Amino acid sequence: MKLLAAIDSFKGSATSKELNEALLAAVDHPMITEKISIPIADGGEGTLQAIQEALGGELLSAKVPDLTGALIEAPYLITDFEGQKTGIIESAMIIGIDRITPSKETICKTTSLGLGILVAQLVNQGIEKIIITLGGSGTSDGGLGFLAGMGAFGITKEQQNPLFSTNAIQLEAALAKLANVELIALADVTNPYVGDQGFSMIFGPQKGGTPDLLKEMDRLAVSIAKDLSRYTSSEIATTSGAGAAGGLGGAILALGGKIQPGFATISQLIGLEEQIAQADLIITGEGSLDGQTEKGKVPFGVAQLAKKHGKPVFALCGKRSVEIGAMASLVSGAYAIQLGPVSLSEAMNRENTLQNIGITGSELVNLFLEGVSYHD
């Protein structure tokens with residue numbers, strides 16, 4: 001029997017590859033004749049590694065400013081996909097919220113400029129397709145910094161949120177730069193650019209915005225959306241996904257880019273469905289299984305593919321909610337790996353996590369295979 005592990009990273013604890021390998025190494029049963037590790041991500045943490053494991057390619061870096069203006073070595077992957085020279089960027093590695101302590105000050109100063117500068121550099125290198133993952137952003141600038149980095153006029157490149165200072169935008173130079181480039185953003189959120197569900201009101205609070213400030217930001221974003229919509233057939237204000245990553249989705253749409261679901265795109269890139277179809281038992285998981293898991297997260301996507309091909313699937317996690325939404329109907333079981341009451345720091349300790357996923361996973365596989373043997 002073939003056992004396949006496709007577990008998303010436990011954020012802040014262990015990577016997808018580490019979790020897969022720890023589980024598979026712990027499984028020791030004569031009925032398991034092949035073990036397959038598929039490092040996986042939904043567009044957030046671990047995406048570059050997952051795609052590089054599947055497609056190969058060269059991991060490079062460039063010096064660009066992060067969301068605070070500090071110069072960093074930003075990693076990116078250059079690989080070949082379907083005959084195209086493709087660049088992959090995890091935006092969180094440049095403008096990630098983990099780089100700041102969110103406050104009113106940071107939401108007014110952080111910008112997505114560095115991400116635009118990096119994309120422009122890849123275009124200058126002759127990259128034909130650029131894929132940007134939008135998860136984990138710490139900016140809320142409507143994507144204006146990104147546009148400035150791409151060469152748009154009318155937007156400040158100073159270290160401040162350009163949403164507060166931009167009146168008119170000219171995208172002609174940025175559009176010309178992308179004339180022969182396919183630009184794709186990966187995002188599983190469907191929020192529009194403005195309004196009660198827009199980037200300011202929904203994602204602004206976690207980035208340090210106060211209620212009054214966020215209302216002002218949303219008011220400014222309405223004007224920006226009208227300006228951006230001059231360059232596309234879409235109404236940026238209301239388009240699904242335009243509010244992703246603090247409005248980066250809208251900026252990418254204005255440049256002629258596309259927004260695609262993170263998990264579905266990455267699973268296609270790494271050939272996940274084909275691997276699941278050939279496996280006999282699948283184990284997936286993520287740090288926390290809860291009601292949000294069905295919103296495009298890795299375990300939900302893996303479980304859907306497993307069900308499509310009639311394969312049994314289990315989900316493991318660091319923490320499990322009582323209600324896990326539609327996941328409950330897709331998996332044979334969902335289990336937290338903690339072996340007893342522990343503190344959060346103990347639960348997130350890398351060594352503990354890898355040990356516990358090995359113990360829980362191997363015992364679960366043994367139990368499942370005993371059932372198979374009994375029915376045979």
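The values are calculated or read from the model by the stated rules, or taken from the named source; none is laboratory data. On a predicted model such as this, the values are computed, not experimentally measured, just so you know. Note that we place each Cβ from the backbone using ideal geometry, even for glycine, and neighbour counts take in every protein chain shown.
Which residues, taken from the range 79-96, are surrounded by fewer than 23 Cβ atoms within 10 Å (Cβ to Cβ) and of a type in the set (D, E, K, R)? Asp80, Glu82, Lys85, listed by residue number.
Residues in the range 24-57 that are within 21 Å of Ala303 (Cα to Cα) and of a type in the set (A, V, I, L, M, F, W, C): Leu24, Val27, Ile32, Ile36, Ile38, Ile40, Ala41, Ala50, Ile51, Ala54.
Of all residues in the range 324-361, those satisfying the criterion of being farther than 17 Å from Ala306 by Cβ and crowded, with 19+ Cβ neighbours inside 10 Å are Ile337, Ala347, Asn352, Thr353, Leu354, Asn356, Ile357, Gly358, Thr360.
Residue count for the range 224-263 satisfying the condition of being among the charged types (D, E, K, R) and in a helix (DSSP H, G or I): 2. Touching a strand residue (DSSP E or B) at 6+ places or on another chain (Cβ under 9 Å) and free of Cβ contacts under 8 Å to residues at least 24 places away in the same chain, is that true of Lys319? Taking the combined requirement at face value, the residue does not satisfy it. Hey, among the residues in the range 1-54 that are of a type in the set (A, V, I, L, M, F, W, C) and assigned to a loop (DSSP other than H, G, I, E, B), which one's surrounded by the most Cβ atoms within 10 Å (Cβ to Cβ)? Here the answer is Ile40.
The criterion of at least 2 residues that are more than 23 Å from the chain's Cα centre (by Cα) and not aliphatic (A, V, I, L, M) is met by the following strands (runs of 3 or more DSSP E) wholly inside the range 278-344: 333-336.
Taking each residue of the range 11-35 that is in the same structural domain as Thr360 (by TED's automatic domain parsing) and looking for partners that are part of a helix (DSSP H, G or I) and of a type in the set (Lys, Arg) with beta-carbon atoms closer than 8 Å, six or more apart or interchain, yields Ser13/Arg350; Ala14/Arg350; Glu18/Arg350. Of everything listed in (1) touching a residue at least 60 places away in the same chain (Cβ under 8 Å); (2) outside any loop (DSSP other than H, G, I, E, B), the single unmet condition for Thr86 is (1).
If the condition is being modelled with pLDDT of 95 or more and within 26 Å of Ile130 (Cβ to Cβ), then the range 208-227 contributes Ala221, Ile224, Ala225.
Give the residues of the range 55-68 that are in contact with a helix residue (DSSP H, G or I) (Cβ under 8 Å, 6 or more places away or on another chain), assigned to a loop (DSSP other than H, G, I, E, B) and not hydrophobic (A, V, I, L, M, F, W, C), sorted by residue number. Passing the criteria: Gly57, Asp66, Thr68.
When Ala173, Ala148, Ala221, Ala185 are checked against the criterion of being closer than 21 Å to Gly256 by Cβ, part of a helix (DSSP H, G or I), aliphatic (A, V, I, L, M) and in contact with a strand residue (DSSP E or B) (Cβ under 9 Å, 6 or more places away or on another chain), a single residue qualifies: Ala173.
So that you can scan it fast, the table gives a plain yes or no per residue for (1) among the aliphatic types (A, V, I, L, M); (2) within 18 Å of Leu272 (Cα to Cα):
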| site | (1), (2) |
| --- | --- |
| Pro299 | no, yes |
| Ala306 | yes, yes |
| Val331 | yes, yes |
| Tyr335 | no, no |
| Glu351 | no, no |
| Val365 | yes, no |
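Checking the conditions here, which among Ala120, Ala179 is at pLDDT 95 or above and at negative phi? It is Ala120.
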